[in-house]
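**Student:** Structure provided below as structure tokens; questions to follow.
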Amino acid sequence: SLYVANAANYDDDQALWKTADGLSWQPITTTGLMTAYLTAMSVFSDHLYVAAGDFSAGAVIWRSNGLTWETVITGGFGITQNTSIENLGIFDNQLYAITRRQIWRSANGVDWTQVVSDGLGNPPHSLSGAKLITFNDNAFLFTGSLGQDNNKVYRSANGSEWDLITFE
């Protein structure tokens, strides 16, 4: 199946859709997913993970096995200031969730460990717009958004220690 999400869903429109053939679409009507501000999706260990922002109670992550949905994270990992999960990525058989200041990872999608707490030493919201990809047995983290001066690229061999890449 293919899933498509509306990134910003402020007017109570359907937020998440599913198709088996690319022609016929069905809304996912699980409570919370219907009108959430969906920010990221990733497939990990035979589950689809969907992250959503919540500006009052902290970000949320749901997962589905294709039949049922369950909530795996609420309240921004216990920090309500974690209002958005910028990206869900996979590296070294672990699922990574990146907030605006922190990086969390999980080997099973349920139990999470914080691996970065300070936004990699950059200004507030330094991980805004972050994207994690894997290349040549390393994780690469691209940060920043258009018009910001914190656009950076980091590389990690273990997911815990990150080196800033400089371009000369």
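The values are calculated or read from the model by the stated rules, or taken from the named source; none is laboratory data. Only a predicted model underlies this, so the values are computations on that prediction, with no experimental measurement involved. Note that each Cβ is placed from the backbone with ideal geometry, even for glycine, and that neighbours are counted across all protein chains shown. The protein model used for the area step is the full one, side chains on, heavy atoms only, and it has no ligands, DNA or RNA in it. Shrake-Rupley method; radii C 1.70, N 1.55, O 1.52, S 1.80 Å.
**Student:** Filter segment 125-168 down to the residues that are open to solvent by less than 40 Å² (accessible area, probe 1.4 Å), out of contact with any Leu (no Cβ under 8 Å at 6 or more places or on another chain) and within 16 Å of Val115 (Cα to Cα), then identify the one that is modelled with the highest pLDDT.
**Tutor:** By that ranking, first place goes to Asn138.
**Student:** Hey, among the residues in segment 36-56 that are modelled with pLDDT of 85 or more and not in a strand (DSSP E or B), which one's surrounded by the fewest Cβ atoms within 10 Å (Cβ to Cβ)?
**Tutor:** Ranking the candidates gives Asp46 first.
**Student:** So, in segment 57-68, how many residues would count as being within 22 Å of Ala130 (Cβ to Cβ) and crowded, with 19+ Cβ neighbours inside 10 Å?
**Tutor:** Residues flagged as within 22 Å of Ala130 (Cβ to Cβ) and crowded, with 19+ Cβ neighbours inside 10 Å within segment 57-68 amount to 6.
**Student:** Please go through segment 57-102 and pick out each residue that is among the β-branched types (Val, Ile, Thr) and either without any contact (Cβ under 8 Å) to a residue 40 or more places away in the chain or not in a strand (DSSP E or B) (or both).
**Tutor:** The answer is Val60, Ile61, Thr68, Thr71, Val72, Ile73, Thr74, Ile79, Thr80, Thr83.
**Student:** Among (1) crowded, with 20+ Cβ neighbours inside 10 Å; (2) out of contact with any Asp or Glu (no Cβ under 6 Å at 6 or more places or on another chain); (3) modelled with pLDDT of 90 or more, there is one condition Ile98 misses while meeting the rest; what is its number?
**Tutor:** Exception for Ile98: condition (2).
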